[in-house]
Amino acid sequence: MRLAPRHAVTRLRRWLRSSEAAKILVALGVGIGAGFITAALGLAAHGLQALLYGVRINRLSALASIRHPLKLLALPLGGLLLALMARWTARDQTSIDVVEANALHGGRVPLSDSIRVCLQTLISNGFGASVGLEAAYAQAGGGGASLLGQFLALRRGDLRILVGAGAGASIAAAFGAPLTGAFYAFEIVIGAYTPAAIAPVAVAALGGALVTRMLGIDPYLIAASPIDRIGTLAYLLYAGLGITSAAVGIAIMRLQSALEREVPRLRLPSAWRPVLGGALLMPIAWLSPQALSSGHGALRLELALHPAAGFLALVFVLKVVASIVSLSFGFRGGLFFASLFLGSLLGPIYAQGVNAAALHLFGSAMPLLDEQDAALVGMAALAVGIVGGPMTLSLLVLEVTHDFALTGVVITASLCASAFTRANFGYSFSTWRLHLRGVGIRSARDVGWAADLNAARLMRRDPTVVDAGLTVAGFRQAVPLGATGRALLAEAGRYRGIVATAEAFDPELDPATPVADLARLTDAAVLPDLRIGAILDRFEQLEVEDLAVVDHEGRILGALTENYVRRRYIEESDKAQSALFGE
């Protein structure tokens, strides 16, 4: 009787692994759960802001000024809480987010990492640091989906899809935009559009958005001016805005990483850096409360009031500085909404500049670009440059404005921003930070299977090894012709090169010749932890078919053959593709 629950779980797992309908039902459950978690995180963060700053919920960045400067002490206080959290966890421990999990770990997100990221982001945003809650939303939704998928023993491909569905559902719930959430999952968390992922991801995103509606949370809507017709010139100008936004986005990411490299030189313990960061944010917030938090309230206010370019530029610079300081000094959060707000500032600045140039050059009082439309186009384009996902941001504009004509322009600018960023930078903010840590990925596409294949797993453990002190005659006795194509030479157990058997049996060769004289690749061997991609590159560089595997002291561990390594690479690549497409 005690085994009955275990058998029931086993049968449930088998059913879920074999049934497409079951996977969709699980994804729906994940989406609904992600919606509730997203709502709870949002309420908690905005409740903290209301408590600490005395503002209405979700309006911190909409304040015109901070009437009581002492309230800004909440910023270093939030840094202090993060410092205390760091003392409770392992030092220098880096949490795995959903993008890294799907790219390198087959969708496995540790529970402790999800809790840590959510709490750090909640404290950072709730106490006013210039970061968004999107990191916590995606981590909570994707991390919860990962735990469920691991409990159900889902296959690697199915688990990755479920993690993407959970993260996408959280974004859908945050914006009340299911299409945005679905494409966030495809473009940013899964890394591809695949038939196997469409139904689960779409159902999860719908579930998350429906929770938002059921709870009575207003969807994120923006009123756009009606557009009758957009001319070719306007399309070209908005394409220029897309490229400009991408260049600005690249500059922001590089500035953030540059400051992050300089912070350790302060010789301040890493756990206490957020306290100093909070103190540095206080004068910025005093000058411009719009730099606080994610910028949600300020974005709506800016779109409604149409400020002058000088004010927009000042707020833009202060928001950039605040975001860079927040992230560099240890506050945790995303740049998704911050990039939306910054783009909504950059767009009108661009439009006012274009309209002023047209007036000066052609004397035309008719503006070429509408400032509010430019704000929405810039909002999407700059977010594409920083976050990635051109269709994600294009559909966000469609769902928050319900304007199809404007969406066409947004798609144009977003694609230009995406192409420029890929050509000149190649990373989104999440993958750029991973790159700085030495993790070489450019998207969430599954490359973890390749990381698992290294020389130690691919090598033959019983290669033919002979003493490097033998003569050719001794070698012929130890290795009969036809026994093997190549043999490894060793001296006191340490690698000394590779000898081709056929070359040692050359009848014109003096039998008294030292076999070491025939050795090749005496300094070319690989370590056991070298990954399959690097191994293949090594074969191509050396133009050889065999390589020895040695430890750090040069002792022979095994041997690799190019044909076998290539065959394994193709086999594993085919498996990954089949899992991706649900075959």
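Annotations
- Residues in the stretch 554-575 that are over 34 Å from the mean Cα position of the chain (by Cα) and within 12 Å of Pro528 (Cα to Cα): 6 in all.
- Criterion: in the same structural domain as Leu453 (by TED's automatic domain parsing), at pLDDT 85 or above and buried (at least 16 other Cβ atoms within 10 Å of the Cβ) - qualifying residue of Ala512, Ala525: Ala525
- In this entry, Gly482 is excluded by the filter for residues that are touching a Gly at 6+ places or on another chain (Cβ under 9 Å), outside the structural domain of Ile190 (by TED's automatic domain parsing) and either at pLDDT below 85 or surrounded by fewer than 15 Cβ atoms within 10 Å (Cβ to Cβ) (or both).
- Enumeration of residues in the stretch 170-179 that are out of contact with any Leu (no Cβ under 7 Å at 6 or more places or on another chain) and either more than 12 Å from Gly143 (Cα to Cα) or free of Cβ contacts under 8 Å to residues at least 24 places away in the same chain (or both): Ile171, Ala172, Ala173, Ala174, Gly176
- One residue from Leu268, Leu233, Leu301 being out of contact with any strand residue (DSSP E or B) (no Cβ under 9 Å at 6 or more places or on another chain), modelled with pLDDT under 90 and part of a loop (DSSP other than H, G, I, E, B): Leu268
- Checking each residue in the stretch 242-277 for being crowded, with 21+ Cβ neighbours inside 10 Å, under 29 Å from Leu393 (Cβ atoms) and touching a Gly at 6+ places or on another chain (Cβ under 8 Å) picks out Ser245, Ala246, Val248, Gly249, Gly277.
- Considering residues of the stretch 457-479 that are among the hydrophobic types (A, V, I, L, M, F, W, C) and without any contact (Cβ under 8 Å) to a residue 40 or more places away in the chain only, the residue surrounded by the most Cβ atoms within 10 Å (Cβ to Cβ): Val479
- Meets criteria (surrounded by 24 or more Cβ atoms within 10 Å (Cβ to Cβ) and touching a residue at least 60 places away in the same chain (Cβ under 8 Å)) for Ala153: no
- Residue within the stretch 332-348 that is part of a helix (DSSP H, G or I) and over 24 Å from Phe425 (Cα atoms) present: yes
- Taken over the stretch 323-370, the residue count meeting the criterion of being over 22 Å from the mean Cα position of the chain (by Cα) and of a type in the set (A, V, I, L, M, F, W, C) is 15.
- The residues listed here are Leu518, Leu542; of these, the one that is in the same structural domain as Leu453 (by TED's automatic domain parsing) and at pLDDT 85 or above is Leu518.
- Residue match in the stretch 183-194 (condition: farther than 20 Å from Ser428 by Cα, touching a residue at least 12 places away in the same chain (Cβ under 8 Å) and either in the same structural domain as Val109 (by TED's automatic domain parsing) or in a helix (DSSP H, G or I) (or both)): yes
Yes/no matrix, rows are residues, columns are (1) in a helix (DSSP H, G or I); (2) modelled with pLDDT under 90; (3) in contact with a Pro (Cβ under 8 Å, 6 or more places away or on another chain); (4) at positive phi:
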| site | (1), (2), (3), (4) |
| --- | --- |
| Thr10 | yes, yes, no, no |
| Trp15 | yes, yes, no, no |
| Ala21 | yes, yes, no, no |
| Ile37 | yes, no, no, no |
| Ala44 | yes, no, no, no |
| Gly79 | yes, no, yes, no |
| Asp92 | no, yes, no, yes |
| Val99 | yes, yes, no, no |
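- Subset of the stretch 368-391 (residues that are assigned to a helix (DSSP H, G or I), farther than 14 Å from Val248 by Cα and of a type outside the set (Val, Ile, Thr)): Glu371, Gln372, Asp373, Ala374, Ala375, Leu376, Pro390, Met391
- Looking across the stretch 392-405, the residues that are surrounded by fewer than 23 Cβ atoms within 10 Å (Cβ to Cβ) and part of a helix (DSSP H, G or I) come down to Leu398, Glu399, Val400, Thr401, Phe404, Ala405.
- Helices (runs of 4 or more DSSP H) contained in the stretch 484-583 and holding at least 2 residues among the charged types (D, E, K, R) and closer than 30 Å to Arg156 by Cβ: 532-542, 562-580
- The set of residues in the stretch 522-570 that are of a type in the set (A, V, I, L, M) and without any contact (Cβ under 8 Å) to a residue 12 or more places away in the chain comprises Ala534, Ile570.
- Checking each residue of the stretch 441-454 against the condition of being over 30 Å from Leu382 (Cα atoms), modelled with pLDDT of 85 or more and buried (at least 17 other Cβ atoms within 10 Å of the Cβ) gives no match.
- Note on the stretch 191-201: residues that are modelled with pLDDT under 90, among the hydrophobic types (A, V, I, L, M, F, W, C) and in contact with a Gly (Cβ under 8 Å, 6 or more places away or on another chain) amount to 2.
The values are calculated or read from the model by the stated rules, or taken from the named source; none is laboratory data. This one's a predicted model, so the numbers in the text were calculated from it and none came from an experiment. Virtual Cβ from ideal backbone geometry, glycine too; neighbours counted across all protein chains shown.
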